[in-house]
Amino acid sequence: MTYCVGMVLDSGLVFAADTRTNAGVDNIATFRKLHVWERPGDRVLVLLAAGNLAVTQAVVSLLTEQADSPARKGSRPTLYTASTMFQAAQAVGQALRDVRASDGEALSAASETFSCSLIFGGQIGKERPRLFNVYAAGNFIEASADTPFFQIGEHKYGKPILDRVADRGMSLGQAGKLVLLSFDSTLRSNLSVGMPIDMLLYARDSLAADGIRRIDKDDAYFKKLSSEWSRALRTAFAAIDEVDH
């Protein structure tokens, strides 16, 4: 299993994904699930992937091959030729459908499910940053002012704090802190999600993916954040009146 979060802000975008994949308790490995396509000064596109690892890797490889292929007249937009984020999201959805058409029947014959969910976002040119949740069928929805974040994978433990605190007006640093607290809650409650965590803070209109970092178990900031959050929760809990009895 995995856990991924994407947030869209007035000031940019935040993406984070864990790196654990497992096929049983004795078959655990580390794989990157945060993928970036970048043309500095033109576009930054980011994909977070959860589900069957073979399926998600096939989608990423197909998107990369299409983007790197020479553009032909009349061909569908790719991640590098799309003129809007909506067109780029359509390219992601179509790649997912193409992989399903290729592998879906074989997976069903082997009694395996075609499992894939994606968070896709970024910025193209002067268009505002946008964020999409792409479903296994290839269709998608866009984040809004009311719901500025998406989660995929093992999301239930990290959702409450996002529901309470997330706001589009946050700074990138505040949103990054919030997302990592969401991961801290998830890591404490679910062994199928594991470090390191890949995170990207994208500043609006920078059109450069220079804010990527990998957070491992020895990361000083994450250890401090986890410790101080636990202490703050205990303090808040102690300050609330007890139940009458």
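The values are calculated or read from the model by the stated rules, or taken from the named source; none is laboratory data. Just so it is clear, the structure is predicted and the values come from calculations on it, not from any experiment. Heads up, the Cβs are rebuilt from the backbone with ideal geometry, glycines too, and the neighbour counts pull from every protein chain shown.
In the condition set (1) touching a residue at least 24 places away in the same chain (Cβ under 8 Å); (2) surrounded by fewer than 17 Cβ atoms within 10 Å (Cβ to Cβ); (3) over 28 Å from Val44 (Cβ atoms); (4) within 17 Å of the chain's Cα centre (by Cα), Ile212 is compliant with all but (3).
Of all residues in segment 107-165, those satisfying the criterion of being among the aliphatic types (A, V, I, L, M), touching a residue at least 12 places away in the same chain (Cβ under 8 Å) and either closer than 25 Å to Ser206 by Cα or in a strand (DSSP E or B) (or both) are Leu118, Ile119, Ile124, Leu131, Val134, Ala143, Ala145, Ile152.
Can you tell which of Leu225, Leu162, Leu172 is surrounded by 14 or more Cβ atoms within 10 Å (Cβ to Cβ), out of contact with any strand residue (DSSP E or B) (no Cβ under 8 Å at 6 or more places or on another chain) and modelled with pLDDT of 95 or more? Break it down into steps so the answer makes sense when it comes.
Working: Leu162 fails: out of contact with any strand residue (DSSP E or B) (no Cβ under 8 Å at 6 or more places or on another chain); Leu172 fails: out of contact with any strand residue (DSSP E or B) (no Cβ under 8 Å at 6 or more places or on another chain).
Criteria check complete, one pass: Leu225.
Consider Ser185 carefully, then state whether it is over 22 Å from Ala145 (Cα atoms), in a helix (DSSP H, G or I) and polar (S, T, N, Q). Explain how you work it out, then say what you get.
Working: over 22 Å from Ala145 (Cα atoms): yes; in a helix (DSSP H, G or I): yes; polar (S, T, N, Q): yes.
The answer is yes for Ser185.
Given the criteria out of contact with any Leu (no Cβ under 9 Å at 6 or more places or on another chain) and of a type in the set (D, E, K, R), does Arg32 qualify? So Arg32 passes the test. Selection over segment 198-213 of residues that are among the hydrophobic types (A, V, I, L, M, F, W, C), part of a strand (DSSP E or B) and at pLDDT 95 or above gives a count of 4.
Taken over segment 165-186, residues that are aliphatic (A, V, I, L, M) and within 18 Å of Lys223 (Cβ to Cβ) amount to 4.
Using the structure shown, decide if Ser144 is modelled with pLDDT under 95, within 29 Å of Met170 (Cα to Cα) and surrounded by fewer than 17 Cβ atoms within 10 Å (Cβ to Cβ). Answer is yes for this residue.
Yes or no, residue by residue, for (1) among the basic types (Lys, Arg); (2) under 21 Å from the mean Cα position of the chain (by Cα); (3) in a helix (DSSP H, G or I); (4) loosely packed, with under 15 Cβ neighbours inside 10 Å:
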site	(1), (2), (3), (4)
His35	no, yes, no, no
Leu63	no, yes, yes, no
Ala71	no, no, no, yes
Pro77	no, no, no, no
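Within segment 81-100, residues that are farther than 15 Å from Gly125 by Cβ have Cβ atoms under 7 Å from residues that are basic (Lys, Arg) and modelled with pLDDT under 95 in these pairs: Ala91/Arg76; Gln94/Arg76, counting only partners at least 6 apart in sequence or on another chain.
Matching residues to (1) charged (D, E, K, R); (2) over 13 Å from the mean Cα position of the chain (by Cα); (3) more than 15 Å from Val46 (Cβ to Cβ):
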| site | (1), (2), (3) |
| --- | --- |
| Glu105 | yes, yes, yes |
| Ile119 | no, no, no |
| Ile124 | no, yes, no |
| Val134 | no, no, no |
| Asn139 | no, yes, yes |
| Phe150 | no, no, no |
